[in-house]
Amino acid sequence: MKDVRTDGQRKRVFIRTYGCQMNVYDSDRMADVLRPLGYALSESPEQADLVVLNTCHIRERASEKVYSELGRLRDLKLERRRDGADLTIAVAGCVAQAEGEEIVQRQPAVDIVVGPQAYHRLPELLARAARKSDERRFDGQRRPGAGVLDTEFPAESKFDHLPAPSEADVRAGSAFLSIQEGCDKFCTFCVVPYTRGAEYSRPAVAVLQEARSLVAAGAIELTLLGQNVNAWHGEGADGSTWGLARLIREIAEIEGLVRIRYTTSHPRDMDDALIAVHGDVPQLMPYLHLPVQSGSDRILDAMNRGHGRDHFRRLVDRLRGVRPDLALSSDFIVGFPGESDADFDDTMRLVDETGFASAYTFKYSRRPGTPGAALGDQLDESLKTARLAALQSLLGTQQRAFNDSKVGTIVPVLFAEAGRKPGQVLGKSPWLQSVYVEGDAGMIGSIVDVRLRAAYALSLTGEVVTGQSPSRFEAAA
Ligand code: 5AD
Ligand code: SF4
């Protein structure tokens, strides 16, 4: 990489990512934007010239974490300044979008606030921040308005301006591909429609091109991303309108691509064509994250989810009808305003009847500006805590049972990283379970058959099956 620093040193950026996989993808893209400016990735803020916090606004606790991290960065910046050097601090992501100027008010050490739709303009923002930093002479005092802000939703798509992905975007054979952003569904608890803006689908041609580049760069697994990924639609190469189902069928044609996943989907957008794809396309992994949030019709209605519990149950039955080994994962919120004991029991019953392989559970967090925040009958924290514990216990039992059910079978595992113990490697099964085996780093990035020996709450262990062709199993999955 070309060295652009006049003193002969390369610049370094440390990017900390909070929240969802969309942010993981965005962090990679920011690294791609910064690379031509001479920025290499650094392992810690202490070794960086620029620190980017890619933030999450979804729940209160996620937002608050950012401010404590900014406090630590401010101290680091002051230390640097005492030594005649500097540290540039940028806040990106959904907190940046939602709070904008307020961030600089609360933490004046921040140089740049950049929303998720403006990452392609980072070079310009950095240049402006560098000019400003001489004027600002930040000394720990409050100087409102000193940071450089860009939180608009530009009319042009940032995707048209971001550099094409490279080898750096493929980690151990796996890559994310953002195909859709934003949301128009306005669930009454959720900030996403306000922070990420209206639903936007990337054109099919651009998605297919990026998918091919990622596979050419070494990806054997692609995860298609979107806040509402199954709402994706676009004009296909043949001029007709494609939905996600058709897009997946086209992507599955790419030679060398072995695994396809997509996340996060909404039960309302699980159409017939998409259900059929789960039965027809072997590369599509038998795992689906399908957030349901609650099992109570009354609460689903108050959440503005646009469907009831029966719709969800029917979807699951149909998906399992075409792909019997499909593992389901979901998101649940407990303690939405007005949630009664009976409503919560409905959620427990839905979980019991459905059976989940994994799940994310949350206590309802009152987010300013959302309709849910204005509702009466907000629940006590202690009640939310008790319901969360009961739900987690049930889901934990189900996850363990699911892991147990795979013991003794041979499954293809995509190895991703070194395990916790020396001589161990960690990978993912088709059902996204963590699998540990004895092995060496040479296995990372490839799919190897593993006989599963033991199951635990959150992982499995096994041993590599020797003398087998890995791809044969995957194709038969
Ligand atoms: N409180 C609690 N959980 C929330 N989520 C979104 N907004 C809130 C909120 N205000 C959860 C939902 C969503 C996941 C990404 O985060 O379950 O599916
Ligand atoms: Fe938020 Fe609902 Fe949109 Fe998901 S569908 S991003 S929960 S508003």
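Per residue of the range 33-43, in order, report the coupling 6.51 cos²θ - 1.76 cosθ + 1.60 (Karplus, θ = phi - 60°) as ³J(HN,Hα) in whole Hz, putting x for Gly and Pro.
So the Karplus estimates, Gly and Pro as x, are 5, 7, 4, x, 7, x, 8, 9, 6, 10, 7 Hz.
Which whole-number percentage describes the relative contact order of the range 88-131, with Cα contacts under 8 Å and a sequence gap of 6 or more?
On the way: 42 pairs, mean separation 18.2, N = 44.
Value for the range 88-131: 41 percent.
7 Å from Cα along Cα→Cβ at both Glu255 and Arg314: what's the point-to-point distance in nm?
Going from the Glu255 label point to the Arg314 one covers 4.3 nm.
Full-extension gain between Ser157 and Arg131, please, as 0.36 nm times their residue separation minus the C-alpha to C-alpha distance.
Details: separation 26, 0.36 × 26 = 9.36 nm, distance 2.72 nm.
Using 0.36 nm per residue and subtracting the Cα-Cα distance, I get 6.6 nm.
Students often get this wrong, so check it: of Lys158/Lys185; Lys158/Lys384; Lys185/Lys363; Lys77/Lys384; Lys363/Lys428; Lys65/Lys185, which have C-alpha atoms separated by over 31 Å? Provide the component values of the computation, followed by the final result.
Numbers: Lys158/Lys185 22 Å; Lys158/Lys384 39 Å; Lys185/Lys363 21 Å; Lys77/Lys384 39 Å; Lys363/Lys428 28 Å; Lys65/Lys185 27 Å.
With Cα atoms farther than 31 Å apart: Lys158/Lys384; Lys77/Lys384.
Quick one: compute the contact order of the chain, relative version, from alpha carbon pairs under 8 angstrom and 6+ residues apart, as a percent. Show your work: numbers first, answer last.
Values: 952 pairs, mean separation 45.8, N = 477.
Worked out over the chain, it gives 10 percent.
Roughly how many debye, to the nearest 20, is the charge dipole of the chain about its Cα centre, given +1 on each Lys and Arg Cβ, -1 on each Asp and Glu Cβ, and no other charges? Walk me through the numbers before you get to the answer.
On the way: 59 positive and 66 negative charges, 191 e Å.
Approximately 920 debye in magnitude.
Could you tell me the largest-minus-smallest coordinate of the C-alpha atoms of the range 1-104 on each of the three principal axes, in descending order and whole angstroms?
That works out to 43, 31, 23 Å along the principal axes.
PRE reach from Ile275 (point 7 Å along Cα→Cβ): which of the range 295-329 fall under 19 Å by backbone N?
From the range 295-329, the list is 306-329.
When the chain is fully extended, how far beyond the present Cα-Cα distance does Glu381 get from Ala441, taking 0.36 nm per residue of separation?
Details: separation 60, 0.36 × 60 = 21.60 nm, distance 4.55 nm.
Gain on stretching Glu381 to Ala441: 17.1 nm.
If a paramagnetic tag sat 7 Å from the Cα of Asp83 along the Cα-Cβ line, which residues of the range 35-76 would have the backbone N under 13 Å from that point?
The answer is 45-49, 76, whose backbone nitrogens lie closer than 13 Å to the label point.
In whole Å, what is the distance between the alpha-carbon centres of the range 244-318 and the range 388-436?
Answer, in whole Å: 22.
Could you point to the residue in Gln227, Tyr456, Pro430 farthest towards the positive end of the chain's charge dipole, with +1 and -1 charges on the Cβ of Lys/Arg and Asp/Glu respectively?
Farthest towards the positive end: Tyr456.
Determine the sum of side-chain charges near Phe356: Lys and Arg each +1, Asp and Glu each -1, restricted to other residues whose C-beta is under 12 angstrom from that of Phe356. Walk me through the numbers on the way to the answer.
Numbers: positive: Arg400; negative: Asp331, Asp352, Glu353.
Net of charged neighbours comes to -2.
Express in nm, to one decimal, how much length is gained between Gln392 and Asp297 on full extension, taking 0.36 nm for each residue of separation and deducting their alpha carbon distance.
Numbers: separation 95, 0.36 × 95 = 34.20 nm, distance 2.08 nm.
Full extension from Gln392 to Asp297 adds 32.1 nm.
With a cut-off of 8 Å between alpha carbons and a minimum separation of six or more residues, what is the relative contact order of the range 22-110 in percent?
Numbers: 77 pairs, mean separation 28.6, N = 89.
Relative contact order comes out at 32 percent.
So what are the three principal axis dimensions of the chain from its Cα atoms, in whole Å, longest to shortest?
Between the extreme Cα coordinates on each principal axis of the chain lie 65, 60, 52 Å.
With only alpha-carbon atoms counted, please give the Rg and Dmax of the range 354-477, in Å.
19.5, 63
5 Å is the cut-off here: which amide hydrogens, built 1.01 Å from N in the peptide plane, fall below it relative to Val450, excluding neighbours closer than 5 in sequence?
Sorted by chain and number, the residues that satisfy this are Val411, Val413, Val465.
Suppose only helical runs count, i.e. DSSP H with n ≥ 4. What mean residue ellipticity at 222 nm does that imply for the chain under -39500 (n - 2.57) per run, divided by all residues and rounded to the nearest 500 deg cm²/dmol? Before the final figure, lay out each step's value.
Values: 14 runs with 165 residues, N = 477.
Taken over the chain, the calculation gives -10500 deg cm²/dmol.
Order the peptides 405-412, 355-362, 51-58 from the highest to the lowest mean number of other Cβ atoms within 10 Å of their residues. Don't jump to the answer; show the numbers that get you there.
Numbers: 405-412: 16.4, 355-362: 18.2, 51-58: 25.0.
Those peptides, ordered most packed to least, come out 51-58, 355-362, 405-412.
Amide H of Thr151: which non-local residues (sequence gap of 5 or more, or other chain) have their own amide H closer than 5 Å, using H built in the peptide plane?
Residues meeting the amide H criterion: Gly115.
For the chain, which cysteines have no second Cys with its Cβ under 4.7 Å from theirs?
Cysteines lacking a close Cβ partner in the chain: Cys20, Cys56, Cys94, Cys183.
Bear in mind that the values in this text are calculations on the coordinates, not laboratory data. This is a predicted model, so every value here is computed, not measured. All Cβ positions, even for glycine, are placed from backbone atoms using ideal geometry, and neighbour counts span all protein chains on display.
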